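A short worksheet on the structure shown next.
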Amino acid sequence: MTLYILRTLLKMVLTLFAIITLVFFATRMSGSPLDTALGDGLSAEDRALMIEYFGLDRSIWHQYLAYLRGILEGNFGLSFIERRPVADIVAERIWPTLQLLGSALALTLVVSVPLGVVAALWRDSWIGSAVMGLAFIGYAVPNFVIATFMVLIFAFWLNWLPVVGNGSPWHFIMPTIAMSGVLIAALTRFTRNAMLDVLGQDFMRTARAKGLPETIVILKHGLRNAGVTVLSVLGLQIAGMAAAGNVVVEAIFSWPGIGELLVSAAIMRDYPVLQFGVISVAFAVVVINALTDIAYVVADPRIRMAKG
Amino acid sequence: MLDAPVLSIKSLTVAFGSHTAVRDLSFDIHAGETLALVGESGSGKSATALSVMRLIEREGGRITAGQIRLGAQAPIDLAQLSDRGMQAHRGNRISMIFQEPMTSLNPVMRIGEQLGEVLRRHQGMGRAEARIAAERALDQVRIPDPARRLDQYPHELSGGLRQRVMIAIALACRPDVLIADEPTTALDVTTQAEVLKLLKSLQQEIGMAILFITHDMGVVAEIADRVVVMRHGNTEEVAYTGALFKAPQSQYARDLMAATPKLGLSPLRSQVSSAEPVLKVEGLSKSFVRNGGFLKAKVKVPAVKDVSFEIRPGETLGLVGESGCGKSTLSRTLMRLIEPDAGRVILAGRELTGLGTQALQQARADVQMVFQDPFASLNPRMKVRDLITEPAYLHSGLKGAARTALASDLLEMVTLDASAADRYPHQFSGGQRQRLCLARALSVSPKVIVADEAVSALDVSTAARVTALMQDLQEKLGIAFLFISHDIAVVERVSHRIAVMYRGEIVETGETAQVLRSPHHPYTKRLLSAVPSPLPQRPSRANLHLPSKNALALADGSN
């Protein structure tokens, strides 16, 4: 078990290194920061100073190595625009993003697991079809469409909910729903399929033969087994949500999180911020995946054995 | 005068949709008595068991008529109970064990929890109390080290141990009736013997009635006091076990008894004249490498160790062994479907080991395989004509009219109608499909056929017909068979010679009569004494020679 965790950590470090490299070169290929960020507002003198300070006139390999050295020393660079450490800028943005992710995850679990079970149990009736139909629609509609319509209806027409920022609990409602829409759809389907697999298993018949009531048979014996499968998918889904979903949703609702930061940094070509922002998200994705792997092993005794 | 029966079935009729699975079935079982429900697949015996548990509704069936009365005093009719009402009795007064010990336990729950659950539900025990009772229950089914087992998961136990856990769960509340649905069919014969012995002694301790469902007449003779023989949902005969074996009254029971291979009673096949062997295997070995994990050395697990044997033309060598002994690896290795680590395979004078890909492909025409599962080993999307002639097409490019002609010849050989050529595999029964597999093997006129558990999935009467067909073809065509099976009684019936395999090695080989009548190796002796014998006059199990596993390990020098 310990070895398994060590191995997972080692894989994490390698993945992060690959991502850092990729992000570094990808941002450099998108054009020079001098064109926008440093713009026309700077005097020739300041401009030369900036180039000197950020090493923008050196070769790209030199910049890359300098960047790597900086990371190892815990120095992720200064923002071109704000002229302060990017770590500070990103740190301010992490908490709102985590809050949003957390509430979206909670909503997803609370809605999709029961729906999936219901869809499996009543698979032959209209209830099952209705749930699966909704899931299908939810899966097909992108989150920015859901977000836009919600803003239109609940903010502009009905004037019930606030749109911009994260000032109150009310502010959470629309972004959370927009973030979790696709996830709920996906997880409902996974839960249903995992549950259908389990329902036909011999041990479910054994559980009934013991005289257990149907609710216990389904929730204890059934869901516990289906849960293992669902768990394996959940990690990937959350990781996807952290990486992609929040960029769009945060931008739409002006949520002061990492996603919104990334969008503005990309427009301004603020490399240090963009790089560190992407690396932070990648780090989160990698950590979530590693945690899921470990949780999966802990949840399923058969795998726990095999992995030692 | 007997007491009132503890379970009384009256005119039970069970239907799946418009199909009647059980028709007008009646029987009684008394406390301490074992009644066997015997029949081939589709006879309605499992439907009966599930109806008594009222789990039949879950499988899509329903009880259309009849009574299921439980209890000697003030019996209740289970057929009339609601599901909720039934829950109080299931696992409590009436419980059930199933065929598949590997899948019947919940894989993500600890043994102690799965056992304790029944006690907490039906006896109102608390967690701690249930744990103590669970340990006692495991001890009662003779599971060694019960305290440690409580915290283990099912996959950590062997099949035999898992079935003991199932029995412990079923008997935890000391039921009036235990239903055992083919509880030993998935187990090795030595494990089966242990489980049957255990059930008997528990019956003496607890005094429950057992409704024992099986297709195996040997097991019936071993365990039952009375027998109900079923066929296509109808009751063919109800009799005391001794009477049934001595003088079956119904035609079907007589046929069933005749089809059942009886160890020690089959006429022995006369030895074939000594000719140059068509298949020679010398020192064949194969190990599998298991990943030891991160920073751990890889572990070599030997599956076949230094195996040598010969088969002459027209001869059948029976290869006997229990699951995991390496039989299937051996058969695949000698066809080079798996590459051997060492040793030689010489087929019709040509050494297979060391042949290049193309030469090997040609050589394989001389040795064909028939597998266990007739449902999985035929491509469902191919017509029979193409299926059974495919090897001939692959080996010699046979096409058109010649291929059609070959197909009808082959069908005639395996006694199937020529019209079968235009049909698809799903339109045939298990026995017919196994004939198709045989026809396919014959299409390239092989010198050797490897039959890997080829009749194990078939009913006894079907299996008897398929093995008879194999013998016919062998006598006509002079084919050599390597007949691999876990069922010694079947092997006795078909083999000229027998090789016994244990832990990857052939521990004993010789003529059928010699190996079965005067075995030398302790493992062979143990195997033979564990086979349930379908004979009315049988020695009691206690007198049988069952050396312990440790004694065996010492005897064969390994471990």
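The values are calculated or read from the model by the stated rules, or taken from the named source; none is laboratory data. These numbers come from a predicted model, not from an experiment. Quick reminder, even Gly has a Cβ in these numbers, built from the backbone with ideal geometry, and neighbours come from all protein chains shown. With ligands, DNA and RNA removed, areas are computed over all heavy atoms of the protein, side chains included. Shrake-Rupley method; radii C 1.70, N 1.55, O 1.52, S 1.80 Å.
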For this session: Tell me what chain A gives for mean residue ellipticity at 222 nm when only DSSP H runs of n ≥ 4 count, each as -39,500 (n - 2.57), the sum divided by the residue total, rounded to 500 deg cm²/dmol.
Result: -24000 deg cm²/dmol
Exercise. Label-point separation (nm) for A:VAL263 and B:LYS200, each offset 7 Å from Cα along Cα-to-Cβ?
Worked result: 7.9 nm
Seminar exercise, completed: Heavy-atom accessible area per residue of chain B, all protein chains kept, 1.4 Å probe, expressed in Å², is 42 Å²
For this session: Would you please give the residues with an amide H less than 5 Å from that of B:ILE97, counting only those at least 5 places away or on a separate chain, with H modeled from the backbone geometry?
Result: B:ILE179, B:ALA180, B:ASP181
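Per residue, how big is the convex hull around the C-alpha atoms of the range B:7-259? Give it to me in cubic angstrom, could you?
Numbers: hull volume 31.4 nm³, N = 253.
Cα-based convex hull of the range B:7-259, divided per residue, equals 124 Å³.
In deg cm²/dmol and to the nearest 500, what is the mean residue ellipticity at 222 nm of chain B if only DSSP H runs of at least 4 residues count, each as -39500 (n - 2.57), divided by the residue total?
Calculated mean residue ellipticity at 222 nm is -10500 deg cm²/dmol.
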Problem set entry | Full-stretch length increase - A:GLU52, A:ARG123 - with 0.36 nm per residue and alpha-carbon distance subtracted | 18.9 nm
Seminar exercise, completed: For the range A:208-214, Karplus-derived ³J(HN,Hα) couplings (6.51, -1.76, 1.60; θ = phi - 60°; whole Hz; x for glycine and proline) come out as 5, 5, 6, x, 6, x, 4
Problem set entry | Backbone HN-Hα couplings from phi across the range B:246-259 [Karplus 6.51/-1.76/1.60, Hz, Gly and Pro as x] | 6, 8, x, 8, 8, 4, 5, 4, 4, 4, 4, 5, 5, 6
Problem set entry | Members of B:LYS262/B:LYS476; B:LYS45/B:LYS200; B:LYS280/B:LYS305 lying beyond 23 Å, as alpha-carbon distances in this model show | B:LYS262/B:LYS476
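Over the whole of A:183-192, what's the average partner chain Cβ count within 10 Å per residue? Rounded to a whole number, please. List each step's numbers first, then the result.
Details: counts 0, 0, 0, 0, 0, 0, 0, 0, 0, 0.
That average works out to 0.
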For this session: Note every residue of the range A:218-233 with a reduction of at least 20 square angstrom in accessible area, all protein chains present versus the isolated chain, computed with a 1.4 Å probe, or write none.
Result: A:LYS220, A:HIS221, A:ARG224, A:ASN225
For this session: For the protein assembly as shown, build the charge dipole from Cβ charges (+1 Lys, Arg; -1 Asp, Glu) around the Cα centre, then report which of A:LEU9, B:LEU35, A:LEU223 sits farthest towards its positive end.
Result: B:LEU35
Seminar exercise, completed: On protein heavy atoms with a 1.4 Å probe, the accessible surface that disappears when B meets A, both sides summed and given to 100 Å², is 2700 Å²
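Leaving ligands, DNA and RNA out of it, report the carbon-plus-sulfur percent of the accessible area of the range A:89-307 at a 1.4 Å probe.
Numbers: 6990 of 9620 Å².
Ligands and nucleic acids excluded, carbon and sulfur give 73 percent.
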Problem set entry | Counting all C-alpha pairs of the range B:65-169, share separated by more than 18 Å (%) | 52 percent
Seminar exercise, completed: Checked the range B:323-432 with the C-alpha gyration tensor, a ≥ b ≥ c its square-rooted eigenvalues, rounded below a/c of 1.5, otherwise prolate if a/b is larger than b/c and oblate if not; verdict oblate
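Using R₀ = 56 Å, calculate the FRET efficiency as 1/(1 + (r/R₀)^6) where r is the Cβ-Cβ separation of B:SER408 and A:ASP197; round to 0.05. It would help to have the intermediate numbers written out before the result.
Working: r = 44 Å, r/R0 = 0.78.
With a Förster radius of 56 Å, E is 0.80.
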Exercise. Under a no-solvent Debye model with one identical scatterer per Cα of chain B, what's log10 I(q)/I(0) at q = 0.06, 0.08, 0.12 Å⁻¹?
Worked result: -0.34, -0.61, -1.26
Exercise. Within the P(r) computed for the range A:178-308, what percentage of the Cα pairs occupies the region above 17 Å?
Worked result: 68 percent
Exercise. Given H placed 1.01 Å from N in the peptide plane, which residues other than close sequence neighbours of B:ALA342 have an amide H under 5 Å from its amide H?
Worked result: B:SER285
Seminar exercise, completed: Rounded to the nearest 10 Å², the accessible area of B:MET217 using a 1.4 Å probe with every protein chain kept is 10 Å²
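Tell me, in nm to one decimal, what length is gained between B:ALA376 and B:ASP3 on full extension, where the rule is 0.36 nm per residue of separation less the Cα-Cα distance?
129.3 nm
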Exercise. Does anyone have the angle between helix B:189-206 and the longest principal axis of chain B? Alpha-carbon axes, 0 to 90°, nearest 10?
Worked result: 10 degrees
Seminar exercise, completed: Long-range alpha-carbon pairs in the range A:89-307, meaning those over 27 Å apart, account in percent for 42 percent
For this session: First measure r as the distance between the Cβ atoms of B:MET102 and B:GLU129, then evaluate 1/(1 + (r/R0)^6) with R0 = 30 Å and state the FRET efficiency to the nearest 0.05.
Result: 0.50
Exercise. Distance in nm between label sites at A:ARG224 and A:THR2, each 7 Å beyond Cα in the beta-carbon direction?
Worked result: 2.9 nm
Exercise. Once label points are set 7 Å from the Cα along Cα→Cβ at both B:PHE288 and B:ALA243, what is their separation, rounded to one decimal in nm?
Worked result: 5.0 nm
Exercise. Using the per-residue mean of other Cβ atoms lying within 10 Å as a proxy for protection, in what order, highest first, do the peptides B:489-500, B:82-93 fall?
Worked result: B:489-500, B:82-93
Seminar exercise, completed: Sequence order, the range B:364-380: Karplus ³J(HN,Hα) from phi using 6.51 cos²θ - 1.76 cosθ + 1.60, θ = phi - 60°, Hz rounded, Gly and Pro as x, gives 5, 4, 7, 9, 10, 10, 10, 9, 5, 8, x, 8, 8, 9, 10, 5, x
Exercise. Along the three principal axes, how long is the range A:238-299 when you take its alpha carbons, biggest first, rounded to the nearest angstrom?
Worked result: 44, 24, 13
Exercise. Given a Förster distance of 35 angstrom, what is the FRET efficiency for B:GLU57 paired with B:SER250, based on the Cβ-Cβ distance and rounded to 0.05?
Worked result: 0.65
Exercise. In the protein assembly as shown, if every C-alpha pair distance is counted and binned at 20 Å from zero, what percent goes to each bin?
Worked result: 12, 33, 32, 18, 5, 0
Problem set entry | Residues of the range A:221-255 with amide N under 20 Å of a point placed 7 Å along Cα→Cβ from A:PHE156 | A:248-255
Exercise. Going 7 Å from the Cα of B:HIS395 in the Cα-to-Cβ direction, what parts of the range B:358-381 have a backbone nitrogen less than 18 Å from that spot?
Worked result: B:358-371
For this session: Can you tell me the order of A:58-65, B:331-338, B:309-316, A:145-152 when each peptide is scored by its average per-residue count of other Cβ atoms within 10 angstrom, highest first?
Result: B:309-316, B:331-338, A:145-152, A:58-65
Problem set entry | Where a label projected 7 Å from the Cα of B:GLN514 along Cα→Cβ would reach, residues of the range B:264-281 with amide N under 19 Å | B:264, B:268-281
Seminar exercise, completed: Amide H contacts under 5 Å for B:ARG231, restricted to residues at least 5 apart in sequence or on another chain and with H modeled in the peptide plane, are B:GLU236
